[in-house]
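The values are calculated or read from the model by the stated rules, or taken from the named source; none is laboratory data. Quick caveat, the model's predicted, so the values are computed rather than measured. All Cβ positions, glycine included, derive from the backbone under ideal geometry; neighbour counts span all protein chains shown. Areas reflect the complete protein model, heavy atoms only, side chains present, ligands, DNA and RNA absent. Shrake-Rupley method; radii C 1.70, N 1.55, O 1.52, S 1.80 Å.
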Amino acid sequence: MKVALGIDIGGSGIKGALVDTKRGMMVTDRYRIPTPRPATPDAVIATVDKIRRHFKYKGAVGVGFPGIVIDGVTHSAVNIHPEWYKFPAEKEIAKATGCDVLVRNDADVAGFAEMRFGAGKRAKGETMIFTLGTGIGCSMFINNVCVPNLEMGHVYLPGHKKDAERYTSDRARKEEKLSWKEWGNRLNEYFQHIEFLFSPQLIIVGGGVSKNSNKFLKYIKINAKIVPAKLLNEAGIIGAAAGAAAGGDCSL
Ligand code: BGC
């Protein structure tokens, strides 16, 4: 068993667990700390290290981050804090934790976990994975190779004047107190547009709300096969840990 620590930085909570990276399973309970406010790099990194210390862990650490990540440097953080813009996250987290650290976009690592261990196992061609939470995360795999940093939460739907995630994320559902049907209809509009742009063969829908997929997936009328994530909200942690254990190779 090869164990690594996976950490998922989210808009409302920072969560971590030790993961069996061969089997794609958490081997401890998830430990969650609310995201500090303001979520500056210093405050978030201190929280990441607190999670590591909770597990008394030294070794490879994988971190899913809710923004663009290129070569370990964060380039956006819409739902986090502007100080993350062009911030050497991988280097700084490694310094604070004394561990080997991999930082990737949260949806990319969640997608990696679903492709390797979950609903995308054995999928061929083009698969897109969406995480519905505070924002909308998106990753795409072409024959099991990741196309990173897609940022599909920020497309504009025809006739709308704001980012799609402001209208279709799980946060929008909660804040606007939408019924499953109302929200499902918004998702239908969103996924029809995504299908028109990318024509994926398979769409996997993840994020915490995916445990309720039977309540909203039925409103989505597209040609692509659309299924709930198998790893539900654990995909980010599992994928980050598995990517770190693989030395950063998040292509399959
Ligand atoms: C960010 C993405 C992230 C997604 C889910 C969006 O607002 O721009 O990078 O993957 O939220 O956290």
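A few remarks follow.
- Some residue of the range 80-89 being of a type in the set (A, V, I, L, M, F, W, C), open to solvent by less than 50 Å² (accessible area, probe 1.4 Å), in contact (Cβ under 8 Å) with a residue 60 or more places away in the chain and farther than 14 Å from residue 4 by Cβ: yes
- Within the range 190-219, the set of residues being more than 15 Å from residue 153 (Cβ to Cβ), under 18 Å from the mean Cα position of the chain (by Cα) and part of a helix (DSSP H, G or I) comprises 208, 210, 211, 212, 213.
- Identity of the residue in the range 38-50, in a helix (DSSP H, G or I) and open to solvent by less than 80 Å² (accessible area, probe 1.4 Å), that ends up nearest to the ligand (Cβ to nearest atom): 44
- Hits in the range 1-17 (condition: in a strand (DSSP E or B) and under 25 Å from residue 135 (Cα atoms)): 5, 6, 7, 8, 9, 13, 14, 15, 16, 17
- The number of residues in the range 111-133 being within 12 Å of the ligand (Cβ to nearest atom) and either open to solvent by less than 10 Å² (accessible area, probe 1.4 Å) or more than 11 Å from the chain's Cα centre (by Cα) (or both) comes to 4.
- Residue that is most open to solvent (accessible area, probe 1.4 Å), among those in the range 18-37 that are among the aliphatic types (A, V, I, L, M) and part of a strand (DSSP E or B): 25
- Evaluation of residue 75 against (1) open to solvent by 30 Å² or more (accessible area, probe 1.4 Å); (2) more than 25 Å from residue 154 (Cβ to Cβ) (one fails), failing number: (2)
- The residues in the range 220-240 that are outside any loop (DSSP other than H, G, I, E, B) and under 30 Å from residue 32 (Cβ atoms) can be counted, and the count is 12.
- Count - residues of the range 134-159 that are touching a helix residue (DSSP H, G or I) at 6+ places or on another chain (Cβ under 9 Å), among the polar types (S, T, N, Q) and away from the ligand (no atom under 13 Å from the Cβ): 1
- Within the range 51-67, the set of residues being assigned to a loop (DSSP other than H, G, I, E, B), at negative phi and away from the ligand (no atom under 16 Å from the Cβ) comprises 55, 57, 58.
- Annotation: residue 177 fulfils all but one of (1) outside any helix (DSSP H, G or I); (2) buried (at least 18 other Cβ atoms within 10 Å of the Cβ); the unmet one is (2).
- Odd one out for residue 187, checked against (1) within 16 Å of the ligand (Cβ to nearest atom); (2) part of a loop (DSSP other than H, G, I, E, B); (3) not aromatic (Phe, Trp, Tyr): (2)
- Residue check for residue 7: in contact with a helix residue (DSSP H, G or I) (Cβ under 8 Å, 6 or more places away or on another chain), among the aliphatic types (A, V, I, L, M) and under 28 Å from residue 164 (Cα atoms): yes
- Out of 237, 203, 226, sole residue that is open to solvent by 10 Å² or more (accessible area, probe 1.4 Å) and either within 19 Å of residue 140 (Cα to Cα) or touching a helix residue (DSSP H, G or I) at 6+ places or on another chain (Cβ under 8 Å) (or both): 226
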